[in-house]
Amino acid sequence: MLRITWVLAGLLCAVVGFASGKDGQTPNQKPPLKTVIIDAGHGGHDGGARGSLSREALLALEISLQVREIMKQEIPELNVLMTREEDRLPGNQTSIPAALRWRADYANKSGGDLFISIHLNATLANQKYGRKQVGTKEETYYVYSGKGKKRKKIAKTRTVPVYEKYKLPATVSGTQTYILARDWYNLKLKSVGNKSEIYEMGENDSLDTEMMQMDPVEARIRAAQYTKYFFQKSMTLASLVEEEFAATGRRSWGVMQRDWDGIWVLQATQMPSILVETGFIDNPEEEAYLASLDGQKEVARAIVNAVKKYKAMLESLGQPAANGTPGGTGTSN
Ligand SMILES: [Zn+2]
């Protein structure tokens, strides 16, 4: 079993909590959502998960470019930034951990209000093999007869079946959107670290040991900050994204949290952040969908729709204060 926390049912709570959450906004500041960072996962020699025809790094980039395009058309007031626009690691980085750091640093330095990392999934459950008999062959074996000096080795033959391994059809498909677990730092401390589960599903971006040796003070501060300011928003957006995917007929696994270790780009970005697994590249049907322009546009549109709703929620919550209307709901001018 996967150690996952289902939180989609918590959407209502998230939305309600959202209204009362302290988000640090004060009246007449910049709009609550201005700069969105789109992060195409992996890149270059970090190909990510593999399909039969394609690599995660390239499809994630193509989907991300579609997200940018549709976002610019439909929410033109947003400043949309990409961590990379080519199939290579971002920021001229050559190592994967350095590139991960760069992604988060870039988002922070750019004053991002929202960070959306785009990935494709893979699971060992889609890598199962069966065995079938495809024929027979003659096999030589030896028997011994006699004793002492008369002992002789005699070659004999027998007919044995020949089997062939074949890949079973992929069974796992669908979308997942990751957010950090609330108070992930403490969860991580408690984690017993059953790493084998990580390979079952989802990202293993943060497995690099160097990455995990984060300064504990810095990690604790980030965890507290995330819990206080970003958890509710990340949760809300993630739920909206998964709802939009479900509305297009995809299988939605919902909002996921990982409590056995963090996801670097989520824990190091100082803004609400989500990591979207847009489908299973190791499922040939989903791979074909995610490699097609129509599929990529549909995925991108779902993400943009979710951002639209998220933005509208932020603005509706922010407006009364910005207008200076005490308890000001129900008035419009
Ligand atoms: Zn990935």
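The numbers here are math on the coordinates, done by the rules we state, and not lab data. The structure presented is a predicted model; accordingly, all values stated were derived computationally and were not measured. Reconstructed Cβ throughout: ideal geometry from the backbone, glycine too, with neighbour counts over all protein chains shown.
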What are the ³J(HN,Hα) values, in whole Hz, obtained from phi via the Karplus relation 6.51 cos²θ - 1.76 cosθ + 1.60 with θ = phi - 60°, for each residue of segment 286-293 in sequence order, with x given for Gly and Pro?
6, 4, 4, 5, 6, 8, 8, 4
Residue-wise, which Karplus ³J(HN,Hα) couplings in Hz belong to segment 299-316, taking 6.51 cos²θ - 1.76 cosθ + 1.60, θ = phi - 60°, and x for glycine or proline?
4, 4, 5, 4, 5, 5, 4, 5, 5, 4, 5, 4, 5, 4, 5, 4, 5, 5
Which of the lysines could a cross-linker bridge to LYS132, judged by Cα under 25 Å and excluding same-chain residues fewer than eight apart?
LYS165, LYS167
Counting only other residues whose beta carbon sits under 13 Å from that of VAL134, what net charge do I get with K and R as +1, D and E as -1?
+3
Can you list residues from other chains, or at least 5 along the same chain, whose modelled amide H is less than 5 Å from the amide H of GLY47?
none
May I ask you to evaluate 6.51 cos²θ - 1.76 cosθ + 1.60, the Karplus curve with θ = phi - 60°, for each residue of segment 75-80 and list the ³J(HN,Hα) values in order in whole Hz, giving x for glycine and proline?
10, x, 6, 7, 9, 9
Counting other beta carbons within 10 Å of each residue's own, what order do GLU138, GLU86 fall into, fewest first?
GLU138, GLU86
Provide the packing ranking of 51-63, 88-100, i.e. peptides ordered by the mean count of other C-beta atoms within 10 Å per residue, highest first.
51-63, 88-100
Spelling it out for SER173: with amide H atoms placed in the peptide plane at 1.01 Å from N, the residues 5 or more places away or on another chain with amide H under 5 Å from its amide H are none
1/(1 + (r/R0)^6) with r = Cβ-Cβ of ARG151 and SER110, R0 = 56 Å, i.e. FRET efficiency to nearest 0.05, evaluates to 0.10
Output the relative contact order of segment 90-155, whole-number percent, from Cα pairs under 8 angstrom with separation of 6+ residues.
15 percent
Once amide H atoms are placed 1.01 Å from N in the peptide plane, what residues at a sequence separation of 5 or more from MET82, or on another chain, have their amide H within under 5 Å of its amide H?
ILE38
